[in-house]
1. Filter segment B:40-58 down to the residues that are more than 8 Å from chain A (Cβ to nearest Cβ) and open to solvent by less than 30 Å² (accessible area, probe 1.4 Å) and list them by number.
2. Here is a list of conditions, (1) within 30 Å of B:Gly114 (Cα to Cα); (2) touching a residue at least 40 places away in the same chain (Cβ under 8 Å); (3) part of a helix (DSSP H, G or I), and B:Ile188 meets all of them except one; can you say which number that is?
3. Please go through segment A:475-505 and give me each residue that is at pLDDT 90 or above and open to solvent by less than 50 Å² (accessible area, probe 1.4 Å), ordered by number.
4. List the number of the failed condition for A:His370; all other conditions in (1) open to solvent by 30 Å² or more (accessible area, probe 1.4 Å); (2) in contact with a helix residue (DSSP H, G or I) (Cβ under 6 Å, 6 or more places away or on another chain); (3) farther than 30 Å from A:His450 by Cα hold.
5. Checking the conditions here, which among A:Ser293, A:Ser321 is within 11 Å of ligand 2 (Cβ to nearest atom), open to solvent by less than 10 Å² (accessible area, probe 1.4 Å) and among the polar types (S, T, N, Q)?
6. Scan segment A:411-434 and report the pairs whose first residue is away from chain B (no Cβ under 14 Å) and more than 15 Å from ligand 1 (Cβ to nearest atom) and whose second residue is among the small types (Gly, Ala, Ser) and in a helix (DSSP H, G or I), with Cβ atoms within less than 8 Å and a gap of 6+ or a chain change.
7. Mind listing just one residue for me: the one in segment A:76-92 that is open to solvent by 10 Å² or more (accessible area, probe 1.4 Å) and within 7 Å of ligand 1 (Cβ to nearest atom) and, of those, farthest from A:Glu479 (Cα to Cα)?
8. Kindly check whether there is at least one residue in segment A:511-532 that is within 16 Å of ligand 1 (Cβ to nearest atom), surrounded by 12 or more Cβ atoms within 10 Å (Cβ to Cβ), more than 14 Å from chain B (Cβ to nearest Cβ) and of a type outside the set (A, V, I, L, M).
Amino acid sequence: MVDATHGPDAHAAEFPDVELYHPRSWWTRYVFSQDAKVIAIQYASTALAIGMVALVLSWLMRMQLAFPGFLEFIDAAAYYQFITMHGMIMVIYLITALFLGGFGNYQIPLMLGARDMVFPYVNMLSYWTYLLAVLVLVASWFAPGGPTGAGWTLYPPQAILSNTPGQEAGIVLMLVSLILFVIGFTMGGLNYIVTVLQGRTRGMTLMRMPLTVWGIFVATVMAMLAFPALFVACVMMLFDKLLGTSFFMPAVAEMGVQLAHNGGSPILFQHLFWFFGHPEVYIVALPAFGIVSDLLATHARKNIFGYRMMVWAIVIIGALSFVVWAHHMYVSGMNPYFGFFFATTTLIIAVPTAIKVYNWVLTLWRGDIHLNPPMLFALAFIVTFVNGGLTGLFLGNVVVDVPLSDSMFVVAHFHMVMGVAQILVIFGAIYHWYPKITGRMLDNTLAHLHFWVTFVGAYLIFFPMHYLGLMGVPRRYFESGDISFQPPSAHELNVFITVMALTVGAAQLVFVFNLIWSIRHGKPAGGNPWRATTLEWQTPQTPPAHGNFGRELPVVYRWAYDYSVPGAPEDFIPQNQPGPTPPHHEGSE
Amino acid sequence: MSDPAVTHSPPAEPQLPGLEGFVSDWSSDRTAFKTASWGKAMIWIFLLSDTFIFSCFLLSYMTVRMSTEAAWPNPSEVFALEIFGVHIPLILIAIMTFVLISSSGTMAMAVNYGYRRDRKKTAILMLVTAAFGATFVGMQAFEWTKLISEGVRPWENPWGAPQFGSVFFMITGFHGTHVTIGVIFLLIIARKVWRGDFDTEKKGFFTSRKGRYEIVEITGLYWHFVDLVWVFIFALFYLW
Ligand code: HEM
Ligand SMILES: [Cu+2]
C-alpha cells in the first residue's frame, strides 16, 4: 500500500466547515434541502413511489397473460402501454435513481468522511429535475391517448407511427421525461464523481474506499458517458415526431399511404439506444456489486476476499461494457465479423464478473455468517445473479440468441440479471442502512417474511419463464390464443406465474408497512448495530446530523474490512481507529 | 492494511514528476488531482460528458448522410454569399469561425488578469468575449434566416437530402445554445468581477459559497470547449 501520509494541500482545505449551507427554515431544511442525506431520502422515496406504479403494472400484465379478458380494461393497446411504462420505470426511474441518487447521495459523503457533496446546491437541483422528469412521465397517463406503448426500447419507426398507442402525446412526454432525467442525473453525477475524487477525508485513499463507493463511483462515470447517447437519441426522435425530420425514419408506407419521411436510419437509433442501454445494465449492477461486497463482509465478519481484485474487476467491467452494445442487435442483422466481435467482448466480460462471484463465495468461506435480513438478501443476490449470468452466456452467442430473441427466455434472463438481482440488493441495503438513516431497526420477523416470499416467489415467477421461452412463447404478446406449438400446460404455467407474481407483490406491502411502522416503533438501533467498520457507522449522532461528523472530521487509518482481526479487542476495527493492525492478520496486505 | 498510523499533520510532500507523480497522486488521500479545485474538476468532467453528446450528434449526422438516398447539397454553395457582386463560398462561416476563435484569445487574457486581481481589465475582457460570442450568435441567426428564406426546413430543402436541413438546424442550434449560455454566464460573472465580489469573497446567493476569481477560469474552460466543438462542426459539416 502506498503510504497515506500526503500533506494536506491547499485545495482540500478549500471549503472549511463554515461554508456548508446552513438551513434557516423548515423549507430549506426538509424540502429545498441541500443536505445530501435529505436529498437521498427524497430520491429514494420518489423512486420507490413510482416503482410501486411499475409493480402494479406488472400485476395487470400478468393478469392479462393468465386470465385473458378477465380485466376488461386491458386491451392490446393498454397491454403495450403497461409493458413500456413498467420496463422504463423499473430500469431508469426506480433502480438507477435509487442506486445513484438514493444510495449514492447517502453513502458517498458519509463513507468518505466528507461533510456533504461538493456542490450541495447543484445536488438539490438534481433531485428537483428528477422529480420533474417523473411528473412528466406520470402526466402521460392523463394526456390524450395515454402513455406510449412503443416498448421500453422505443424503437423507431413504430414508436412514432400512428398505430402505436400513445402516439398523440405519450411518446413526446416519454422523450421529454428522459431528457429531463439525463439533465438531472448529470447534475447529481458531477457531485458524486468530484466528491469521490476530490472530497475525501484525511487518510482515505482510493484503495481504502469501501466497495460500495467504488461501485457507485464507477457506475456514475459510466452513466456520464452513456446517457449522452440516450439524450441525443431522444432529441432526434423528438424532432422526427414533432418536426417531421427523418433521422430515424426510412421511407414508410402506413395503411397504404406513403409518409413524408425518407432516408433515415432506424438502425442508428438502435446503436444509440444500446450504447446507452448496455452500460445501463452495469450502471445498475456495479452499485449492487459494491453494496453486496460490504454486506457480506460485515455480516460474515470477514475481510472481503481480494479487495484489489474486486476494485479492478469493477473498473474493467465498466470499461468493457462500452464495447458490447450490439449484442442486443443480433437479430437486426449485421456483418458477421461484427457479430463475432460483439459476441467475443460479451463473453470476455464474464471473466471479471466470475472473479467477483468467486471472491464473494471465498469471503463467506469459514465466515461467521449471521443470517439476518441484509445477509439473506445478499446471498439471494449471488444466486440470482449467477443464474441470470449463465443465461446471459447463452444469449451472448449469436447462433443461440437468434432463435431465443424476443422470447420469454429473454424476459426471464433480464429479469434475473438486472431486475430481481438488483431489487434484492436494494432490499438488503435498506435493511442494512435503515438503522443509520432513522436510528431504529426494522422489524426482524416481518423482514424474514418479506425475504422468503420475495426470494422464493421471484424464482417461481421467473424460472418457469425460461422454459416457456424455450418452448417458443414470444415476448411482448398481449394474448397467445390457440397456437399449435404451445401445449395447454404452457397456459397452466402462466396461471401459476401470475399467482406467484401477485403473492410477491403482496409481500412488498409488508415491506412498505415495516418501513413506515418502524420509524416510530422499531427497536432503537444505537450508532453501530452491525458493529461495522466503515465511517458512516462512526458518526457522533444517529441519524447523522447536518455536516455528518460533528466538529472534527474523522481520520482514516485502515481499509474498510478489518473484521475478526486476531488479537484485536473486538472482532472489528473501525476505519478511523488509530494504531497498527495487530500482527498475523491475513487480511492486511 | 498495516501501514503506520497517519499523523494529524502529515508533512507536506513535494509533487513527483511524471508517471510516478501520477501514481502517487492517485494513491494518496483526499484528492486525486492535486492542483485542481472542486470547481475545476467538475467542469472538466462535465465537458467530457458534453463531448460525448456532441460526438453522438456528429456521428449521427455522418450516419444519416450515408443512409439518405438523395444527394447531399454542397455546403460551399449553400453557404456562399454575394458580396459586392463577388460570389464567395463559405465566407460568413469563415468570419464566424474567426470571431469565435478570437473570443478564445480574449477569454484567455481575462483569466490571466483575473488571477492578477485586475478587476477592470478582467471585466472588460470578459465583456469583449461576450460581445464576440453575441456577434457569433447574431451571424448564426442571420444564416438561419437566410436559409429559411431560401426554403430550407428541418424536413426538406430545395437542393437534395432532407437530412441536410435537419442536421443543420439541430447541430448549429445545439451549439448556438451553448454559446448563448456562455454569453449569459460571461455577463453575470463579469458583473461580479466589476463589483469586486471576488475581492471581498462575497457569498453566492444560492450556494452561500465564497466567490473566487477561479470562476473566471471555469467559465473560460467552458468557453474554449465551445470553440473547440465549433472547429469540429466547421470541419465535418461545412467543409466536408
Ligand atoms: C414482481 C416483479 C415483476 C414482474 C411480475 C414483472 C413482469 C413483467 C412482465 C409480465 C413483462 C412483460 C413481458 C412480455 O410480455 O414481454 C415485463 C417486462 C419487463 N420488465 Fe418486468 N416484472 C417485474 C419486475 C421487473 C423489474 C424489477 C425490472 C427492472 C429491471 C423489470 C424490467 C422489465 C423490462 C425492462 C421489461 C421489458 C419491457 C419491454 O418489453 O418493453 N421488471 N415484466
Ligand atoms: Cu447488453
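1. Scanning segment B:40-58 gives B:Ile43, B:Leu47, B:Phe54, B:Leu58.
2. In the conditions (1) within 30 Å of B:Gly114 (Cα to Cα); (2) touching a residue at least 40 places away in the same chain (Cβ under 8 Å); (3) part of a helix (DSSP H, G or I), B:Ile188 misses (2) alone.
3. A:Arg475, A:Leu493, A:Asn494, A:Val495, A:Ile497, A:Thr498, A:Met500, A:Ala501, A:Val504, A:Gly505
4. Exception for A:His370: condition (3).
5. Details: A:Ser293 fails: within 11 Å of ligand 2 (Cβ to nearest atom).
Matching residue, one of A:Ser293, A:Ser321: A:Ser321.
6. A:Tyr431/A:Ala447; A:Tyr434/A:Ser518
7. Going through the qualifying residues, I end up with A:Val91.
8. Looking for residues that are within 16 Å of ligand 1 (Cβ to nearest atom), surrounded by 12 or more Cβ atoms within 10 Å (Cβ to Cβ), more than 14 Å from chain B (Cβ to nearest Cβ) and of a type outside the set (A, V, I, L, M), one finds at least one in segment A:511-532, hence yes.
The values are calculated or read from the model by the stated rules, or taken from the named source; none is laboratory data. Please read these numbers as outputs of a predicted model, since none were measured by experiment. Heads up, the Cβs are rebuilt from the backbone with ideal geometry, glycines too, and the neighbour counts pull from every protein chain shown. Just so you know, the surface numbers come from the protein's heavy atoms only, side chains and all, with ligands and any DNA or RNA stripped out. Shrake-Rupley method; radii C 1.70, N 1.55, O 1.52, S 1.80 Å.
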